[in-house]
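Starting off with a structure, shown below.
The values are calculated or read from the model by the stated rules, or taken from the named source; none is laboratory data. From a predicted model like this one, the values you see are computed outputs, not experimental measurements. Here Cβ is always computed from backbone atoms with ideal geometry, including for glycine, and neighbour counts include all displayed protein chains.
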Amino acid sequence: MAFKSIAKSILHDAELLDEYIRANNLPQPSFDVDGPPRTVYTGETATAHASLLANTHRLHLLAEGPAGRWLPSLAGATGDAVTTAAVQHFKIADHVPLDSQASFEDVAEKCGLALRDFKIIVRYAMTNFIFCEPQPGFIAHTAASKLLAENRLIRASAAMRTDDIFLPGFKEIEALEKFPGSQEPTESAWGLAHNASLPMFEELEARHPERAKTFASAIEAISAAIADTAQLGVYDWASLGSGTLVDVGGGKGYACRPLAKHFPELSFIVQDLEGTAATGREQLPPDLHDRVTFMTHDFFTPQPVKGADAYYFRAIFHNWPDKYCVRILQNLIPSLKKGARVLIHDPHTPDPLTSHPWAERQTR
């Protein structure tokens, strides 16, 4: 009865989502080229969506069985990572027509790939509904591949995941053996993969400025996937009145923009490394120029803005070992006035056995 019980839960959640889509006249989820990039669920349906993902994952693993987890499934996970990296690196999506199809030979040549290698990459990608083969030997877009071709933030996210997650992942075992228990940012799989002598963010900023911009855009993509209402609801921002909020390590200001629009009395100072801060300044909407300013600042140095009403750390501390998180906060202390708020907004790993493995996996 194990399969049937999980399947019933999946059906229940699927019916809730279908009804939400119908009632709100939303486009149906589809792999087809014109399928919606994503559907935003709220309230009860957001819970149902999370439950659906968790239970389909659970049912898949149960049906696969323990042996399957270590044999075909593990090989598939590697194939997913390598193929995604290849699709991004060779910019395959850019060379497929948006509204028609093209021959394998034509696209392979434009990508600089041997035809045999091209076929291996794209036909594996197609098993994940990235591209399709409408007739033998021809390639066309699906919703996922078209999004990669058209959306600069999605492209940046794919590049970041390839360069800064997938490739360093293959160095993780070497790093664990070479740097056991290390809390030094330079002693990492990322550092080994990129032969880096500086921590990741400093290395990108100093030696790979274009990749630093790509990384910043990838973080912007993640922020764009979070509804403004979610950002607005994490704290009582109105309690800050007409004060000043310093967004420490705030990138290009993607967290402050919705706050500035909804709380017109608040002023914001966004701090980040030089290149990122400069880009944020250039991209800031004109109507926010009077209340959102950008400042170059390394949060491992003393905080230059003294007496602000709040200092906001959004998605900062999960990137750093504990000893460096302490150092960041120590550099803040001399600048705090009485009553200042230190706001930490970061994902955290749940205690073991307190959430579904699917949800826990997203944070680990």
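Give region 299-326 a look and list any residue that's surrounded by 14 or more Cβ atoms within 10 Å (Cβ to Cβ) and among the polar types (S, T, N, Q), or say none.
Q303, N319
Can you work out which of the residues in region 117-176 that are of a type in the set (F, W, Y) and closer than 30 Å to N195 by Cβ is surrounded by the most Cβ atoms within 10 Å (Cβ to Cβ)?
Restricting attention to region 117-176, the residues satisfying the condition of being of a type in the set (F, W, Y) are 118, 124, 129, 131, 138, 166, 170.
Subset that is closer than 30 Å to N195 by Cβ: 118, 124, 166, 170.
Values: F118: 21, Y124: 18, F166: 18, F170: 14.
Here the residue is F118.
Could I ask something else about it? Given the structure, is I333 more than 22 Å from F201 (Cβ to Cβ), among the β-branched types (V, I, T) and free of Cβ contacts under 8 Å to residues at least 40 places away in the same chain?
Details: more than 22 Å from F201 (Cβ to Cβ): yes; among the β-branched types (V, I, T): yes; free of Cβ contacts under 8 Å to residues at least 40 places away in the same chain: yes.
Judged against the criteria, I333 is a match.
Right, next: Could you list, in sequence order, all residues of region 190-207 that are outside any loop (DSSP other than H, G, I, E, B) and either among the β-branched types (V, I, T) or within 16 Å of N319 (Cβ to Cβ) (or both)? Lay out the reasoning, then the answer.
Let us first name the residues in region 190-207 that are outside any loop (DSSP other than H, G, I, E, B), namely 190-193, 200-207.
Passing the criteria: W190, G191, M200, F201, E202, E203, L204, E205.
Sticking with this one: Any residue at all in region 53-64 that is touching a helix residue (DSSP H, G or I) at 6+ places or on another chain (Cβ under 7 Å), free of Cβ contacts under 8 Å to residues at least 24 places away in the same chain, part of a helix (DSSP H, G or I) and more than 28 Å from A159 (Cα to Cα)?
Yes - at least one qualifying residue is present in region 53-64.
In addition: Every residue in region 327-350 that is among the basic types (K, R) and surrounded by 10 or more Cβ atoms within 10 Å (Cβ to Cβ), please. Walk me through how you get there before you give the answer.
Initially, region 327-350 is screened for residues among the basic types (K, R), giving 327, 337-338, 341.
Passing the criteria: R327, R341.
Restricting region 1-23 to residues that are loosely packed, with under 12 Cβ neighbours inside 10 Å and either modelled with pLDDT under 95 or under 28 Å from the mean Cα position of the chain (by Cα) (or both), which is farthest from L98 (Cα to Cα)?
Of everything passing the filter in region 1-23, M1 is farthest from L98 (Cα to Cα).
What residue, of L245, L204, L198, is in contact with a helix residue (DSSP H, G or I) (Cβ under 8 Å, 6 or more places away or on another chain) and in the same structural domain as R327 (by TED's automatic domain parsing)?
Details: L204 fails: in the same structural domain as R327 (by TED's automatic domain parsing); L198 fails: in the same structural domain as R327 (by TED's automatic domain parsing).
Of the residues listed, the single one that is in contact with a helix residue (DSSP H, G or I) (Cβ under 8 Å, 6 or more places away or on another chain) and in the same structural domain as R327 (by TED's automatic domain parsing) is L245.
Given (1) touching a strand residue (DSSP E or B) at 6+ places or on another chain (Cβ under 6 Å); (2) surrounded by 18 or more Cβ atoms within 10 Å (Cβ to Cβ), identify the lone condition not met by E274.
That leaves (2) as the condition not met.
Filter the helices (runs of 4 or more DSSP H) completely within region 70-189 down to those with at least 3 residues that are among the small types (G, A, S), more than 26 Å from S217 (Cβ to Cβ) and modelled with pLDDT of 95 or more.
Where helices (runs of 4 or more DSSP H) fall fully within region 70-189, none carries at least 3 residues being among the small types (G, A, S), more than 26 Å from S217 (Cβ to Cβ) and modelled with pLDDT of 95 or more.
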